[in-house]
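Before any comments, here is the structure.
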Amino acid sequence: MEGLEGTLAELRDTFKSGRTRSVAWRKSQLRGMIEFVQDNEERIFQALDQDVGKHPVEAYRDEVGVVAKSAKLSLSCVEKWMAPKKGDLPLVFFPASAQVMPEPFGVVLIMGSWNFPISLTLDPLIAAISAGNAVVLKPSELSPTCSSFLAENIPKYLDPKSIKVIEGGIDVCEQLLQQKWDKIFFTGSQRVGRIVMTAAAQHLTPVTLELGGKCPAIMDSSSNPTNMKVIAKRIAGAKWGSCSGQACIAIDYLLVEERFASDLIDLLAKTIKQFYGENPRESTSLCKIVNKNNFKRLLDLLKDPLVEASVAYGGSVDEEKMYIEPTILLNPPLDSQIMTEEIFGPLLPVITLDDIYESIDFISSRPKPLAIYAFTRDEKFKKQILSRTSSGSVTFNDTLLQFLCDSLPFGGVGQSGFGRYHGKYSFDTFSHEKAILQRGFFPELEPRYPPWNSFKLHFIKLAYAFNYIGLILLLLGLKK
Amino acid sequence: MSTEEENQTVFDVAAASMLTEELRDVFASGKTRSYEWRISQLKSVIKMCDEHEEDIADALHQDLSKPKLESIVYEVLVSSEVDWWYVVQISMLKNSCALAIKELKQWMMPEKAKTSLLTFPSSAEIVSEPLGVVLIISAWNYPFLLSLDPLVGAISAGNTMVLKPSELSPATSSLLAKLLPEYLDVSSIKVVEGAVSETSALLEQKWDKIFYTGNGRVGRIVMAAAAKHLTPVVLELGGKSPVVVDSGIDLQIATRRIIVGKWGCNNGQACISPDYIITTKDYADKLVDSLKKELETFYGENPLESKDISRIVNSNHFSRLTKLLDEDKVSGKIVYGGERDEANLKIAPTILLDVPRDSLIMKEEIFGPLLPILIVSEIEDSWDVINSGTKPLAAYLFTNNKKLKEQFVMSVSAGGVAINDIAMHLAIHTLPFGGVGESGTGSYHGKFSFDAFSHKKSVLYRSFTGDAALRYPPYTLGKIRLMKALMTSNLWTILRTLLGLS
């Protein structure tokens with residue numbers, strides 16, 4: 001790509017000039033962001049419809065609304081976040097002051113993903129702006145309408161000297177990754193995550209990797225006899241209601257006790273009909289599969305004869321419309337691809353267990369997911385889930401809402417990534433916490449200096465132990 | 001493991017893989033998660049320090065002082081430079097343990113998080129959980145502290161772990177390999193000794209965190225290896241840490257602090273020791289005179305003979321440092337010192353005035369007893385000099401000028417900043433210690449150590465009430481307005497919409 005070096009040099013100069021560090025700049029950009037989504041709501045809805053067939057309600061909830069909410073929160077808090085924090089000091093350092101001051105990293109790269117091509121691109125941008133960085137934004141080429149929409153319109157609302165949108169496919173990504181960045185924020189798959197981190201290692205660049213994983217939902221029917229309808233809705237909402245399962249925090253599979261499985265599947269089937277009508281193919285509320293590759297990948301998951309035989313509901317497809325029906329599978333083999341890979345689509349395997357407590361071992365013997373959902377009223381079970389499984393987040397008795405909670409860090413662990421954002425954590429993700437100690441010249445402690453002798457040795461030992469009485473005794477010659 | 005066995009078994013990829021599997025099983029058993037386990041291990045670390053002070057001092061002495069002093073008895077050692085560093089290392093480590101023991105209950109408590117109208121009714125918390133099986137690779141310059149201080153963090157957070165001490169400090173390495181199994185839970189905490197091949201075998205394994213202290217070259221290798229398994233890393237590296245000296249200060253105190261930070265910290269072989277000084281032309285001579293005078297009071301007329309100064313760690317580093325000194329455009333700039341004793345790996349404290357900025361000594365981290373002084377016409381020009389290089393681990397300023405302090409803090413990027421002192425920021429546990437850019441990523445000390453080895457899990461508790469139909473399909477355009485109001489927490493619009501008024 002011609003001119004990439006030039007673009008980066010310009011961003012480095014801008015950053016060096018201090019322009020992006022001021023509160024005024026940060027606030028003006030955040031205001032610009034709010035204005036951008038307000039002015040362009042309809043056009044964003046259209047672009048999202050084009051790329052993934054998202055209904056405007058879903059588009060508002062998962063994209064426009066998320067961006068507006070995040071920008072408003074940052075706008076009202078950024079000054080507070082920027083303030084240095086005081087650190088406590090032991091008396092031996094007196095007189096002195098200690099602070100932790102957040103400072104911007106510099107020039108950062110944000111790589112967005114295609115499933116939420118607006119929010120997962122602009123929410124990290126809001127974070128980088130709040131922290132005072134210069135930014136290159138690389139939207140996913142798999143959502144081309146949104147990508148070119150952002151490239152065309154972001155410069156009209158945000159400072160083009162400090163924030164650049166660069167479009168392109170794999171070759172452009174490769175060139176971007178060869179450059180030296182002060183931080184890389186990547187949302188996407190584990191495979192590409194590894195490539196990004198390997199490239200970052202060349203320049204010792206810190207990375208945040210927002211990946212996915214197989215997020216399980218645990219259905220403890222015995223402690224929840226009365227709320228089945230609500231639960232079915234929440235499960236269906238988190239499987240098909242968010243980009244047709246093409247979401248990193250969507251439910252991947254469902255764990256339930258065998259005796260409740262068929263009732264649950266019936267109830268889910270009913271909920272699907274309630275949501276998408278008798279013929280979901282015609283529903284505007286269901287997203288399409290993003291592209292041919294993913295369509296084919298999902299069909300391949302279903303092609304395995306043992307998996308195909310396990311389809312309990314749905315299973316129809318329409319390649320022309322890139323449509324796959326909401327599909328439920330009962331106990332597909334655990335070694336089949338559908339149970340070893342992240343599904344990222346509208347297929348829901350239901351795995352039955354004799355006892356719901358077995359779900360803990362089931363989950364902890366697999367890679368750590370981004371989210372765990374558990375429907376239960378059993379407090380002992382809740383405690384065990386929390387202490388014996390590991391995941392980015394755990395949500396009890398609901399789905400997806402953890403994503404909207406500003407006070408909770410959002411991010412993975414293990415195979416689901418590392419680093420976190422949302423709310424204040426977004427600001428922290430793009431800031432270096434600089435430790436600052438300020439001292440005066442007096443008083444001066446003589447024992448700090450050579451030549452060494454045993455008096456100084458004792459002094460240092462006592463000072464490190466903050467043993468002030470011992471220190472006084474030593475200085476008075478009363479202690480040996 | 002006895003020495004004979006060690007000699008027979010090679011630590012290869014297969015052995016490393018068995019080791020991590022074993023640790024994974026122990027971690028899965030939940031043993032290391034309990035508060036009691038963590039406390040008992042921390043207490044044992046203190047006990048180990050108390051009962052083996054002499055052994056630790058001996059090992060450090062062997063690794064960093066003249067070999068012929070080996071047989072000297074402990075009492076005589078008390079006044080040597082290495083001894084000062086063993087005291088500092090043991091004291092700092094014991095402080096870390098004591099703090100962790102005192103605060104651990106607090107650190108382990110889930111942190112309450114606020115919830116908004118959007119998720120009403122609900123409650124939320126952030127739970128700290130151990131990451132799992134972690135690898136700590138440490139450095140030779142403070143082989144004791146830089147091995148065990150991260151270990152204290154990993155224990156506090158409840159992980160199982162492998163410690164790989166540096167092979168360049170062999171005495172400390174083998175002492176740690178001997179002592180740790182005696183005092184700590186051998187099933188959860190392992191020591192692997194070795195050099196490149198052992199480290200490579202370890203790096204091929206899947207870890208839940210890698211904590212590396214050392215240089216940028218190896219740091220890159222560690223991070224690239226970690227990328228294969230998507231393992232997060234903490235890299236504690238170094239860099240050229242500058243000292244800016246303004247005029248009009250208490251020069252004697254400033255000089256003494258600089259000297260202790262430079263030559264009194266392992267003879268400059270410390271990641272936070274001053275690498276070079278920047279000062280103005282008219283102040284440079286005064287500064288050099290004061291440095292000379294104080295150096296003499298500290299180390300005598302012949303510093304090569306002083307027992308208060310560490311030697312260079314090995315002959316590789318010795319020749320690297322002499323190469324820096326012998327570069328043509330640099331060798332004429334020596335204003336103090338420059339003496340060396342190759343047989344005993346000693347280099348005297350050396351000051352170089354007005355070295356050219358394109359010299360080797362100004363391009364790489366010095367990590368030794370050479371101190372170049374750069375001259376600028378205005379002290380404010382220092383910011384640009386510093387920022388034209390890579391970001392250092394520490395940046396220091398001596399001044400009484402409040403405005404300069406503010407400018408320095410705002411415009412110089414570094415892992416940490418100390419004003420009117422050297423290196424002391426690292427002893428303050430309420431300050432995170434770590435680099436930025438080329439000086440590393442991630443931080444530790446105090447609670448930051450616990451956090452470095454913990455995963456912060458978000459937990460949201462909901463009930464079954466408060467289920468708004470607008471969350472679910474079929475979607476209608478009417479749902480948008482209410483959703484907008486909800487997401488912006490606009491109560492007024494919510495009410496109006498619900499009452500059908502808008």
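5 Å is the cut-off here: which amide hydrogens, built 1.01 Å from N in the peptide plane, fall below it relative to B:I277, excluding neighbours closer than 5 in sequence?
When sequence neighbours closer than 5 places are left aside, the close amide H contacts are B:V243, B:I373, B:L374.
Output the direction-averaged projected area (hull surface divided by four) of the convex hull of the alpha-carbon atoms of the protein assembly as shown, in nm². Intermediate values should be presented prior to the final figure.
Values: hull surface 162.9 nm².
Here the figure is 40.7 nm², rounded to one decimal.
Per residue of segment A:306-322, what does 6.51 cos²θ - 1.76 cosθ + 1.60 with θ = phi - 60° give for ³J(HN,Hα)? Whole Hz please, x for Gly and Pro, Karplus curve as stated.
5, 6, 4, 5, 8, 5, 9, 7, x, x, 7, 9, 9, 5, 4, 8, 6
Tell me, what is the percent relative contact order of chain A, built from C-alpha pairs under 8 Å that lie six or more residues apart?
Contact order relative to length: 17 percent.
What percentages, rounded to whole numbers, describe P(r) for segment A:1-63 computed over all alpha carbon pairs with 10 Å bin width beginning at zero?
Bin by bin from 0 Å, the calculated values are 19, 27, 26, 27, 1.
Where does helix B:478-487 land angle-wise versus the long Cα axis of chain B, in degrees 0 to 90, nearest 10?
Taking Cα atoms only, the helix is inclined about 40 degrees.
What are the residues whose amide H is under 5 Å from the amide H of A:V394, where those residues sit 5 or more places off or on another chain and H is modelled from the backbone?
Counting only residues 5 or more places away or on other chains, the set is A:I372, B:S458, B:V459, B:L460.
Given the DSSP H assignment, sum -39500 (n - 2.57) over each helix run of at least 4 residues in chain A and divide by its residue total; what's the result at 222 nm in deg cm²/dmol, nearest 500?
It lands at -13000 deg cm²/dmol.
Taking only the alpha-carbon positions of segment B:132-195 and ignoring solvent, what does the Debye formula give for the base-10 log of I(q)/I(0) at q = 0.18, 0.21, 0.23, 0.27 Å⁻¹?
With one equal scatterer per Cα and no solvent, log10 I(q)/I(0) is -0.55, -0.75, -0.90, -1.22.
Determine the relative contact order of chain B: mean sequence separation of Cα pairs under 8 Å and six or more apart, normalised by residue count, in whole percent.
17 percent.
With θ taken as phi - 60° and the coefficients 6.51, -1.76 and 1.60, list the Karplus ³J(HN,Hα) couplings across segment B:396-408 in order, rounded to whole Hz; mark glycine and proline as x.
Those phi angles translate into 10, 9, 10, 6, 10, 8, 5, 5, 4, 4, 4, 4, 4 Hz.
Mean separation of Cα pairs under 8 Å and 6+ residues apart, divided by the residue count of segment B:242-434: what relative contact order is that in percent?
27
Over all alpha-carbon pairs of segment B:242-434, lay out the pair-distance distribution in 5 Å bins, whole %, shortest bin first.
Taking every Cα pair in segment B:242-434, the percentages come to 1, 8, 17, 21, 22, 16, 9, 4, 1, 0.
How long is segment A:216-410 along each principal axis, judged by its Cα atoms, biggest number first, in Å?
On the principal axes, segment A:216-410 reaches 48, 38, 32 Å in Cα extent.
Once both axes come from the Cα atoms, what is the angle between helix B:145-156 and the longest principal axis of chain B, in degrees from 0 to 90, rounded to 10?
Tilt relative to chain B: about 20 degrees.
Can you pull the percent of Cα pairs in segment A:329-439 with separation above 20 Å?
In whole percent, the long-distance tail amounts to 53.
Compute the distance from the alpha-carbon center of segment B:184-212 to that of segment B:268-314, in whole Å.
Answer, in whole Å: 37.
For a distance above 35 Å, tell me the whole-number percent of Cα pairs in chain B that qualify. Working shown, then result.
Numbers: 53559 of 125751 pairs.
Percentage above 35 Å: 43.
Relative to 2.2 N^0.38 Å, what does the C-alpha radius of gyration of segment B:336-473 come to as a ratio? Two decimals please.
Relative to the rule-of-thumb radius for its length, segment B:336-473 sits at 1.63.
Looking at the P(r) of chain A, how many percent of alpha-carbon pairs lie beyond 30 Å?
Details: 61059 of 114960 pairs.
Roughly 53 percent, once rounded to a whole number.
For helix B:216-228, what angle does its Cα long axis make with the longest principal axis of chain B, in degrees from 0 to 90 and rounded to 10?
Value to nearest ten degrees: 30.
Could you tally the net charge around A:R12, taking each other residue with its Cβ under 13 Å from the Cβ of A:R12, Lys/Arg +1 and Asp/Glu -1?
Neighbourhood net charge equals +1.
Apply the Karplus parameterisation 6.51 cos²θ - 1.76 cosθ + 1.60, with θ equal to phi minus 60°, to every residue of segment A:21-28 and state each ³J(HN,Hα) to the nearest whole Hz, in sequence, with x for glycine and proline.
So the J values, rounded to whole Hz, are 7, 6, 4, 4, 4, 4, 5, 5.
Values in this text are rule-based calculations from the coordinates and carry no lab data. Keep in mind that this is a model prediction, so the values were computed, not measured. Note: ideal-geometry Cβ built from the backbone for every residue, glycine included; neighbour counts use all protein chains shown.
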